[in-house]
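To start, the structure itself, in C-alpha cells.
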Amino acid sequence: MRSPGRIVKAALLLAAVALPAAMLTPTDAAAANSLTMLGADVSSAQRAIDLGAKYYDSSGTAKDPLDILKGAGVNYVRLRIWNNPASGYNNKAKVLAYAKQVKAKGLKLLIDFHYSDTWADPGKQYKPAAWSSHGISALQTDVYNYTYDVCNSLKSQGTTPDSVQIGNEINVGMLWDDGKVVNNSFTNLGLLLKSGYNATKACNSSTQVIIHTADADSDSNARWFYDGIKAQGVNWDITGLSYYCMWHGTLANMGSVVSDMKSRYGKDVIIAETAYPFTSSDADGTANSVTSGCSGYPLTWAGQGAEFTAVQNTARSAGAIGVFYWEPTWYAVTGNGWDPADISGSGDGWDNMAIFNWTGQVNPNVKWTP
C-alpha cells in the first residue's frame, strides 16, 4: 500500500459489469468465475487488541475481529511480516502467534514478505538492516533462508501458510538497490524471486506463491513487469495486483488488466489489496492517506460497502479468484500508529478506510461474496 503517485491518464470505455448468474451462458467463463480467496489483511489487529481495542458486530456485540470478518464472508487472512521492526509488531514471533489464532478460526493464511524492517511499496524497498551490506549473491541466500525459516516455523506449529507473497508491491523490484529493475534489467530481481519461490516450495510444495505489484492501473506496466520476470525463468502461482480506485483508475480498466494478466500468463489473479473510505474526516490528528473517493460512491458506510462490492464484481467478472481488503480492522487506537519506529507516538492514516468506525462498530454494508 501507500502508492498514490501514479494516476491513470485515460479510462477505457469498456464497462465491467457482473451479470446475475441466471443471465450467464455456459461460454461466459469469465463472468461465471467465483471468488475463492475472500481476504482481509489484518496485520495491525494484533497490536490493537493488545492495546485493548474492542470490535463490535452489526448488532453491537463485542467479538474477536476475526469472527466478525468471518461472519461477513472472509475466509482468508493476510499478514505482513517484517524482518526486525523496531516495534516488534509484524516480526516473526508476532506473526507466528497470530497465525495460530487465524488458523484456529478455520481461516486460510497468506504471509506477505516485505523483506524489510519497515514498509515496502513501489516507492521504497529498503533492505533490512541485517542485510544492508549484502550484495546480490548474499541476498539470494538471505531470501531463501529467511523465507524457508518463516514458512517452516509456521509449518512446525501447525499453521502452514496456504500462500505467500515474495515481496510487496514490487513494481520495480525489491531489496534496493541490488534487486531494483534498472534499465529494464530483471536479472537480479529474477534471482531473488527464484530464491523465494524455491524456499517456499521446499518448505511446503502446495503453498502458493504470489508475485504482487500495484499495477492494476496499467496493463502496459503489468506486462512489462511480468514479461520481465518470466523471461528470467521466474515461476509463480498467482498474480497479485493492488487496486485503489482513487489511485488506480476505473473499475473497467482494472477489469481489463485482470483479464489480460490471466490470459497472458495462464495463472490465477487476485486483487491483493483494495479499500475505500467511509468518511473524509480524521479520527486522530494524523492526516488521512485518502481524503477523496471515486465517482458514484459517496464517502459513507453505504458508499464504502457499494464500492467494495463493485470491486469484487469487476474482479470476478474479469476472471480473478480473490479480493483482499487492506487493513479493515485498523481504526484509530492510541498507540497503534503508522511508524514501526514510533508505533506508540505516531497516528493512523487509515482510520477512515477501515470497515470499523472510530468506536469499533463494523460497517454492516461490507460483505465478501464468492
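The values are calculated or read from the model by the stated rules, or taken from the named source; none is laboratory data. In this text, all values refer to a predicted model and were calculated from it rather than measured experimentally. Neighbour counts run over all protein chains shown; Cβ positions are idealised from the backbone, glycine included. Only protein heavy atoms, including side chains, enter the accessible area calculation; ligands, DNA and RNA are left aside. Shrake-Rupley method; radii C 1.70, N 1.55, O 1.52, S 1.80 Å.
May I ask you to list the residues in segment 134-174 that are closer than 27 Å to SER205 by Cβ, part of a loop (DSSP other than H, G, I, E, B) and β-branched (Val, Ile, Thr)? Outline the logic, then answer.
Taking segment 134-174 as the starting set, the residues that turn out to be closer than 27 Å to SER205 by Cβ are 136-170, 173-174.
Now drop any that are not part of a loop (DSSP other than H, G, I, E, B), which leaves 157-162, 167-170, 174.
Within segment 134-174, THR159, THR160, ILE170 qualify.
State the number of residues belonging to segment 73-90 that are assigned to a loop (DSSP other than H, G, I, E, B) and touching an Asp or Glu at 6+ places or on another chain (Cβ under 9 Å).
Filtering segment 73-90 down to residues assigned to a loop (DSSP other than H, G, I, E, B) leaves 73-75, 82-90.
Those still in the list that are touching an Asp or Glu at 6+ places or on another chain (Cβ under 9 Å) too: 82-87, 89.
So the answer is 7.
Can you list residue pairs whose Cβ atoms sit under 6 Å apart, with the first residue in segment 107-133 being more than 16 Å from ALA86 (Cβ to Cβ) and assigned to a loop (DSSP other than H, G, I, E, B) and the second being at pLDDT 95 or above and among the aromatic types (Phe, Trp, Tyr)? Count only pairs 6 or more apart in sequence or on different chains.
Close Cβ pairs satisfying both conditions: GLN125/TRP176.
Contact list please: Cβ distance under 7 Å, first residue in segment 193-207 and over 24 Å from GLY228 (Cα atoms) and at pLDDT 95 or above, second residue surrounded by fewer than 21 Cβ atoms within 10 Å (Cβ to Cβ) and among the β-branched types (Val, Ile, Thr), pairs at least six apart or on different chains.
ASN204/THR160
Going through segment 138-147 one residue at a time, which ones are among the hydroxyl-bearing types (Ser, Thr, Tyr) and within 21 Å of the chain's Cα centre (by Cα)?
Correct list: TYR146, THR147.
When only residues in segment 88-113 that are under 23 Å from TYR244 (Cβ atoms) and in contact with a Lys or Arg (Cβ under 6 Å, 6 or more places away or on another chain) count, which is surrounded by the fewest Cβ atoms within 10 Å (Cβ to Cβ)? Break it down stepwise before answering.
Taking segment 88-113 and keeping what is under 23 Å from TYR244 (Cβ atoms), we get 90, 110-113.
In the following step, the residues that additionally are in contact with a Lys or Arg (Cβ under 6 Å, 6 or more places away or on another chain) were identified as 90, 110, 112.
Values: ASN90: 23, LEU110: 27, ASP112: 27.
The selected residue is ASN90.
Test TYR243 against the criterion of being in contact with a Phe, Trp or Tyr (Cβ under 7 Å, 6 or more places away or on another chain) and open to solvent by less than 30 Å² (accessible area, probe 1.4 Å), and give yes or no. Step through it out loud before you land on a result.
Working: in contact with a Phe, Trp or Tyr (Cβ under 7 Å, 6 or more places away or on another chain): no; open to solvent by less than 30 Å² (accessible area, probe 1.4 Å): yes.
When the stated conditions are applied, TYR243 does not pass them.
Just a yes or no: is a residue in segment 264-275 open to solvent by 40 Å² or more (accessible area, probe 1.4 Å) and over 24 Å from GLN208 (Cβ atoms)?
no
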